[in-house]
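See below for the structure under consideration.
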Amino acid sequence: MPEDETNLLRIDQKRKHGLAEVAAQLHHDLQAELWRHENKISSIENKQTVQAERQAITTGLREKRQQLLARARFGSRALEPNQTPLDVIPVTSQNHAPSSSVSATGTVRGWGAMLGNLWQKLGER
């Protein structure tokens, strides 16, 4: 019987060691899984923080852009719209060709050519 008891003790020791190994492996796997989930959570939080900061920057830039556009359209009055407006000076742009021009070949055209011809004719007299 003592041999049976030693066998039973050996089997019991192996079972305990096996259970300890399984428990250690489960503990290790659980720690790895927990670490992975914590990383995911912190990554999500970081993304949310970055997204909020990006949104704030974008909003600020959009407001500044609107102010600059208003200032370009309406002048310095855009920032103080309640003040009395300045006297507006009408501006016209010249769409017709200038009175004297030079062609690509170098010949003078328009009034300049007529004046040149007149000057030449006066010189020939």
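Starting from 0.36 nm per residue, how many nanometres of slack lie between Ala32 and Gln120 once their C-alpha separation is accounted for?
The Ala32-Gln120 span can extend by a further 21.6 nm.
Distance between the pseudo-spin-label points of Thr105 and Thr58 (7 Å out from Cα toward the beta carbon): 6.0 nm. Electrostatic tally near Gly116: other residues with Cβ closer than 15 Å to its Cβ, Lys and Arg +1, Asp and Glu -1, net +1.
Taking θ as phi - 60° and the Karplus parameters 6.51, -1.76 and 1.60, the scalar couplings of the stretch 33-43 work out to 5, 4, 4, 4, 5, 5, 4, 4, 5, 5, 5 Hz in sequence order, x denoting glycine and proline.
Grab the beta carbon distance between Gln13 and Ile44, set R0 = 41 Å, and tell me the FRET efficiency rounded to 0.05.
Numbers: r = 47 Å, r/R0 = 1.14.
Computed FRET efficiency for Gln13 and Ile44 comes out at 0.30.
Here, each number is a calculation from the coordinates, and none is a lab measurement. Here the structure is a predicted model, which means the values were calculated and not measured. Note that we place each Cβ from the backbone using ideal geometry, even for glycine, and neighbour counts take in every protein chain shown.
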